[in-house]
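Engineer: Shown below is the structure under consideration.
Every number in this text was worked out from the coordinates using simple rules, so none of it is lab data. Since this is a predicted model, take the numbers as computed values, not measurements. In this analysis, Cβ positions are derived from the backbone assuming ideal geometry, glycine residues included, and neighbour counts consider all displayed protein chains.
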There are 2 protein chains.
Amino acid sequence: MDNFRKYIHTYHYIPDGDWCLIEKEFEQVRFRKNEMILEEGAICRFFYFFEKGLVRFCCNVDGEDVTKMFCVAPYCFTSKVSFRNQTPAHESIQALDDCILWQITYDQYKKLEQINSWNIFMRKLLNEIQEFVENRLLESKVFTAEKNYENLLKRYPASLIHKIPLKYLASFLGVAPQSLSRIRNKLHHKH
Amino acid sequence: MDNFRKYIHTYHYIPDGDWCLIEKEFEQVRFRKNEMILEEGAICRFFYFFEKGLVRFCCNVDGEDVTKMFCVAPYCFTSKVSFRNQTPAHESIQALDDCILWQITYDQYKKLEQINSWNIFMRKLLNEIQEFVENRLLESKVFTAEKNYENLLKRYPASLIHKIPLKYLASFLGVAPQSLSRIRNKLHHKH
């Protein structure tokens, strides 16, 4: 849990007293590579601190598996709408690598809302996620798939990008796998 | 301000005592069609309740004017990141029709955060906006411009869509104006 506190401190300082209350609520869970953390249609029961690994958020659109986004540890995630309303999720979450997570239930999450330093951390985190999603929307609108792929390579280490199967990366970028192969070859010859 | 209270009540009930505190902070402002409410690079000083009209959010990407989204009254808006941090905005907000707005400053916004019913309304509103942006990201990824245009027509009255200049609609959909003209003609002959 030390990693979690360090991670939270990049947003907001948590005093020792508050940390004791937060820490005792979280329980460790592990998922193996390719395991489903959440299945579309099920209720997302947990909010996670994501200590180690890589996951993807995806959903089924007219029979097609669409990758909405990736999440890289350390970070926090849940299926927001499903968790917030405790209703069936419109997305799945899949481990793309062996993952270590720390989970709390909805009731525990509500309990932590009584802690002011936690609320400030959460507000900053949610703001960051919102900015991130808005930027993604803008980028997907104004840039080509090639440019978006280059941005991905700038943002994350190549070792991490190479853990993501080509078909998921292509779906994230909104192109066919063959098109992403061509983009990769082109960039490989350019550099 | 009655319209504002009615609008808030679609999210959360505001007791009379709280409403007195909220109402007195807001000041009416009007913008004429095509006027800029916020210029990219300026600090967004206000949070707005949007009583009447239509606006677009846009930004400059490599010299090109890109329409990020539209907002239709009644709603609330601000340039979130700029307002929250009181830093220069990375987007502009333009009135596309004569608009009636009610504004509060950042300090007034902070003052209202002491009112619990207001906070619940704001949290629900921000959650709604976040879901909206995430859905837009998914739609822009998986649907064609034609399908996205059809969805827009289902979501809003045609009279409103026709108030939006073609070039802004095309930019919002991520296609050239000529492509949107072709889509319009095709749909016109289909129905």
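Engineer: At 37 °C and a viscosity of 0.692 mPa s, what translational diffusion coefficient does Stokes-Einstein give for segment A:143-191, taking Rh as the Kirkwood radius over Cα pairs? Give it in µm²/s as a whole number.
Structural biologist: Numbers: Rh = 10.8 Å.
My calculation gives 303 µm²/s for D.
Engineer: Given contacts defined as C-alpha pairs under 8 Å and at least six residues apart, what's the relative contact order of chain A, whole-number percent? Don't jump to the answer; show the numbers that get you there.
Structural biologist: Working: 274 pairs, mean separation 46.0, N = 191.
Relative contact order here is 24 percent.
Engineer: Three principal axis extents, largest first, for the C-alpha atoms of segment B:14-65, in Å?
Structural biologist: Its Cα atoms span 49, 21, 15 Å along the three principal axes.
Engineer: As a check on your grasp of the helix formula, calculate [θ] at 222 nm for the protein assembly as shown: sum -39500 (n - 2.57) over DSSP H runs of n ≥ 4, divide by the residue count, round to the nearest 500.
Structural biologist: Working: 18 runs with 186 residues, N = 382.
Calculated from helices alone, the mean residue ellipticity at 222 nm is -14500 deg cm²/dmol.
Engineer: A further question on this structure: Around A:LYS68, which amide H atoms from residues at least 5 apart in sequence, or from another chain, sit under 5 Å from its own amide H, with H modelled in the peptide plane?
Structural biologist: Sorted by chain and number, the residues that satisfy this are A:PHE57, A:CYS58, A:CYS59.
Engineer: Cut-off under 14 Å on the C-alpha distance; same-chain residues fewer than 8 positions from B:LYS141 excluded. Which aspartates and glutamates are left, in chain and number order?
Structural biologist: Straight-distance partners of B:LYS141: A:ASP62, A:GLU64, A:ASP65, A:GLU134, A:GLU139.
Engineer: Take the Cα pairs of segment A:2-142, get the Kirkwood Rh, then feed it into Stokes-Einstein at 37 °C and 0.692 mPa s and tell me D in µm²/s.
Structural biologist: Working: Rh = 15.9 Å.
Reported coefficient: 207 µm²/s.
Engineer: With just the Cα atoms defining each centre, how far is segment B:119-191 from segment B:1-76? Give it in Å.
Structural biologist: Taking the Cα centre of segment B:1-76 as reference, the centre of segment B:119-191 is 20 Å away.
Engineer: Give the order of A:CYS71, B:CYS20 when sorted by the count of other beta carbons within 10 angstrom, beginning with the fewest. Write out the running numbers ahead of the final one.
Structural biologist: Numbers: A:CYS71 18, B:CYS20 10.
Lowest count first: B:CYS20, A:CYS71.
Engineer: Moving on to the next point. To one decimal place, what orientation-averaged projected area in nm² is obtained for the convex hull of the Cα set of the protein assembly as shown?
Structural biologist: Working: hull surface 84.4 nm².
Answer in nm², one decimal: 21.1.
Engineer: So, one more: Just to confirm the numbers: B:ARG32, label point 7 angstrom along the Cα-Cβ line, distances to the other copies in nm, shortest first?
Structural biologist: 7.0
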